[in-house]
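Reviewing the structure listed below.
The values are calculated or read from the model by the stated rules, or taken from the named source; none is laboratory data. Given the structure is predicted, the values throughout are model-derived calculations rather than measurements. Cβ placement follows ideal geometry from the backbone for every residue including glycine, while neighbour counts extend to all protein chains displayed. Accessible surface areas use protein heavy atoms only, side chains included; no ligands, DNA or RNA. Shrake-Rupley method; radii C 1.70, N 1.55, O 1.52, S 1.80 Å.
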Amino acid sequence: MIRKTFAFALAGAAAVYATTFDVTFSTTSGHKVPSTLYGLMFESGDGGLYAELIQNRAFQQVTPGTSAALTAWATLGSASITVVKSSSPVSTALPNALSFKPTATSGTVGFTNDGYFGIPVTAGWKYTGSFFYRTPTPPATKISSSFTVGLRSTSGTVFTSTTVPFTTSSSWQQATFTFTASSTQTSVTNLFALTVNAATIGELTMEFTLISLFPPTFNNRANGMRVDISEALLAMDPGFFRFPGGNNLEGQTPAQRWAWESTVNNLVDRPGRLGTWGYINTDGLGLYEYLQWIEDMGMEPIMAVFAGYTLNGASVAQNSLQTYITEAINQINFAIGDASSNPQAAIRSAMGHPEPFDLTYIEIGNEDFFSSTTYTNYRWSAFVDALSAEFPQLHYISTSATSGSVPKLTPAPTYWDLHIYSNPNFFINGAFNFDILPRNGLQFFQGEYATTTQNSGATLAYPFIDGSIAEAAYMTGFDRNSDIVFAASYAPLLSSVSSIQWTPDLINFSPNSLILSTSYYVQKLFSVYKGDFYLTSTTNTASSPVQWSVTRDTATSQYFLKVVNSATTANTVVFTLPFTPASTAGTGTILTAAPGTMNTPTKPTAAVPSNFSFTAGKTITYNAPGLSLSVLVVVS
């Protein structure tokens, strides 16, 4: 029921006249909320989530002798460098190397790397590095000396360094090192440098490859993830992680697809690939690293397998699919197979995880509505039949085109991935999209969604409060329909502020900072306060400026009253509780801002949530400011 009333805003705001919405709910009627309801979708980690600081560390997928092959590298002092196809490569996967030669007989010479748009220098950080080196034509008498490795400014100020002993040899040798920064540099325009005394090696040519440097990583994992990004994602309490894409799964051709076998074992055995978005994927963040990090984060994996469609619009012919079906079976066995009997699982065990990873969901392909005919006619059935026979305990997610609201596939899928990008009005008007769907066993995964334009059609550089609150209105439909919506994730998740290919993104980052968007905070509030049981309540109408949902955390007896006001003016919601709260001390969190507000590099905290308190009783009158998401917490 909607009525006009006089209400006082919480937190001491002035009294206002507003439209009032009456809400009642039951403590028994409703349904369970799946733990996977809110999570994350991800595509590629180099220069971002994956913590490696050295760009172009192994000269993967580049053309030797070109300037492009030297991306991020430069000489220091009197020396020359070029990328060559080594006559004796460190591995078949890494055929290229950096050829280095002094052009002077004295002085400090070497080379530098400027990282992924910079390198952070932070006091107390212990950096861990390694590199391979050799002397193609060593002198008759071995030379034993040392390199110096460290971090410095572009003007030459050394912030931290250490020495690494070496001996000339035509065979590849691996050097390892650590150093710790004693100061923090505000600027990230810093360099990694490897130097040597020119007098020591004279006119010798040396080769280097897989030159790596890591800062501290999340959970102290070797070859691990960036701490600040991981912690920001962990703060969202995500229930799942969808990987490795997204379009980055498919590639532009089958040869450029994400192929799991090329992403495991030692780093020297990973050739890398030209990623879907035009930059090199090192595949240092491989299948094992994904699964280990997902486990560390307490998430459930939703793992995609390549299903024969690529972004050039082509589909693998039916009589050629078996190779990729076998690849998918092997990929799943790597994750959950018995290491004592399965060769793919044995690789996982050798990498450090003898026990199977947890795995429940497999997504067959990505956005196959772009080639719906082949997916419908043979690709879906070929994959799901083979995988189900091999792994009957797993759940398989389809990505097909639609007929009305149900994908037309044989066998009929029980899980379906939807992707929607639109404007604020779409999401406000779509708050009840799932309410009208039949309860026939089909479960929905809103695998990608975001407000990508203003209602006018103008593009967005960053999420803005208007769109984020519209997304929140849409998300009340996830809460309300979590009996058939088992998972949902905003996309894209991450983008460097220095290399933006798609806007907007949930989190933007530089080498030493994060910009948490208004949509990030919406996602966080819904996930942290999702509860484990949805309570049937009075519902509003589609396109209304005010939406709400009520959920409960059974273990703590906390009730979460979410209120979304997508109007620019205040509206009042009156909750009539079916119980008397155990305490009159209610707590709440609100995200609100003026229309058009964005969190940007110059104003990263323009809109952030704030906490408030209120008096909790059997009736709670809440005045929701314009463009706001509020969560009120009461205890029964």
Task: Residues that are small (Gly, Ala, Ser) and either touching a Pro at 6+ places or on another chain (Cβ under 6 Å) or open to solvent by 20 Å² or more (accessible area, probe 1.4 Å) (or both), drawn from segment 618-636 - done: 636
Task: Filtered residues of segment 430-451 (kept if surrounded by fewer than 17 Cβ atoms within 10 Å (Cβ to Cβ) and more than 17 Å from residue 34 (Cβ to Cβ)) - done: 435, 436, 438, 440
TODO: Quick one: count up the residues across segment 295-306 that are over 13 Å from residue 244 (Cα atoms) and either β-branched (Val, Ile, Thr) or in a loop (DSSP other than H, G, I, E, B) (or both).
DONE: 3
TODO: Working only within segment 525-543, note down all residues that are in a loop (DSSP other than H, G, I, E, B) and farther than 12 Å from residue 477 by Cβ.
DONE: 529, 530, 531, 532, 538, 541, 543
TODO: Examine segment 315-324 for a residue that is at pLDDT 95 or above, under 26 Å from the mean Cα position of the chain (by Cα) and open to solvent by less than 50 Å² (accessible area, probe 1.4 Å), and state whether such a residue exists.
DONE: yes
Task: Checking residue 158 against (1) touching a Lys or Arg at 6+ places or on another chain (Cβ under 7 Å); (2) closer than 17 Å to residue 73 by Cβ, the condition it does not meet - done: (2)
Task: Top-ranked residue in segment 156-175 [being in a loop (DSSP other than H, G, I, E, B) and among the polar types (S, T, N, Q); ranked as least open to solvent (accessible area, probe 1.4 Å)] - done: 168
TODO: Scan segment 591-611 and give yes if some residue there is under 27 Å from residue 34 (Cα atoms), more than 28 Å from the chain's Cα centre (by Cα), buried (at least 20 other Cβ atoms within 10 Å of the Cβ) and of a type in the set (A, V, I, L, M), otherwise no.
DONE: no
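When the residues of segment 538-566 are filtered to those that are buried (at least 16 other Cβ atoms within 10 Å of the Cβ) and hydrophobic (A, V, I, L, M, F, W, C), which remaining residue is nearest to residue 592 (Cα to Cα)?
Top of the filtered list is 564.
If you check residue 189 against the conditions, is it open to solvent by 10 Å² or more (accessible area, probe 1.4 Å), modelled with pLDDT of 95 or more, more than 18 Å from residue 57 (Cβ to Cβ) and hydroxyl-bearing (Ser, Thr, Tyr)? Walk me through it before giving the result.
Numbers: open to solvent by 10 Å² or more (accessible area, probe 1.4 Å): yes; modelled with pLDDT of 95 or more: yes; more than 18 Å from residue 57 (Cβ to Cβ): yes; hydroxyl-bearing (Ser, Thr, Tyr): yes.
Criteria met by residue 189.
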Task: Condition met for residue 284 (under 14 Å from the mean Cα position of the chain (by Cα) and open to solvent by less than 10 Å² (accessible area, probe 1.4 Å)) - done: no
Open item on the list: Which pairs turn up if I take residues in segment 142-166 that are farther than 16 Å from residue 181 by Cβ and look for partners that are of a type in the set (Asp, Glu) with beta carbon separation below 9 Å, at least 6 apart in sequence or on another chain?
Closed with: 154/114
TODO: Examine segment 233-246 for a residue that is in contact (Cβ under 8 Å) with a residue 60 or more places away in the chain and in contact with a Lys or Arg (Cβ under 6 Å, 6 or more places away or on another chain), and state whether such a residue exists.
DONE: yes
Open item on the list: Only one of 251, 298 is touching a helix residue (DSSP H, G or I) at 6+ places or on another chain (Cβ under 9 Å), among the small types (Gly, Ala, Ser) and either surrounded by fewer than 21 Cβ atoms within 10 Å (Cβ to Cβ) or within 21 Å of residue 59 (Cβ to Cβ) (or both). Can you tell me which?
Closed with: 298
Open item on the list: Pull out all pairs, ordered by first then second residue, where Cβ-Cβ is under 6 Å, the residues are six or more apart or on different chains, the first lies in segment 431-452 and is of a type in the set (Phe, Trp, Tyr), and the second is part of a strand (DSSP E or B).
Closed with: 434/485; 444/416; 444/485; 445/397; 445/417; 445/487; 449/420
Open item on the list: Within segment 205-227, take every residue that is out of contact with any helix residue (DSSP H, G or I) (no Cβ under 8 Å at 6 or more places or on another chain) and open to solvent by 30 Å² or more (accessible area, probe 1.4 Å) and give me the one that is farthest from residue 511 (Cα to Cα).
Closed with: 205
Task: Every residue from segment 52-87 that is within 21 Å of residue 155 (Cβ to Cβ) and either in contact with a helix residue (DSSP H, G or I) (Cβ under 9 Å, 6 or more places away or on another chain) or at pLDDT below 95 (or both) - done: 77, 78, 79, 81
TODO: Hey, can you tell me all the residues within segment 484-516 that are within 12 Å of residue 600 (Cα to Cα) and either of a type in the set (A, V, I, L, M, F, W, C) or touching a Lys or Arg at 6+ places or on another chain (Cβ under 6 Å) (or both)?
DONE: 497, 506, 507, 509, 514, 515, 516
Task: Within segment 576-636, strands (runs of 3 or more DSSP E) holding 2 or more residues that are within 19 Å of residue 522 (Cα to Cα) and small (Gly, Ala, Ser) - done: 628-635
Task: Failed criterion for residue 97 (all others in (1) open to solvent by 10 Å² or more (accessible area, probe 1.4 Å); (2) small (Gly, Ala, Ser); (3) in contact with an Asp or Glu (Cβ under 8 Å, 6 or more places away or on another chain); (4) more than 30 Å from residue 561 (Cβ to Cβ) hold) - done: (1)
TODO: Would you mind telling me which numbered condition in (1) of a type in the set (Val, Ile, Thr); (2) assigned to a strand (DSSP E or B); (3) over 35 Å from the mean Cα position of the chain (by Cα); (4) surrounded by fewer than 15 Cβ atoms within 10 Å (Cβ to Cβ) residue 178 fails?
DONE: (3)
TODO: Check whether at least one residue in segment 48-64 is surrounded by fewer than 19 Cβ atoms within 10 Å (Cβ to Cβ), touching a Pro at 6+ places or on another chain (Cβ under 9 Å) and either of a type outside the set (A, V, I, L, M) or within 30 Å of residue 581 (Cβ to Cβ) (or both), and report yes or no.
DONE: yes
Open item on the list: For residue 145, only one of the following conditions fails: (1) part of a loop (DSSP other than H, G, I, E, B); (2) within 21 Å of residue 172 (Cα to Cα); (3) open to solvent by 30 Å² or more (accessible area, probe 1.4 Å); (4) touching a helix residue (DSSP H, G or I) at 6+ places or on another chain (Cβ under 6 Å). What is its number?
Closed with: (1)
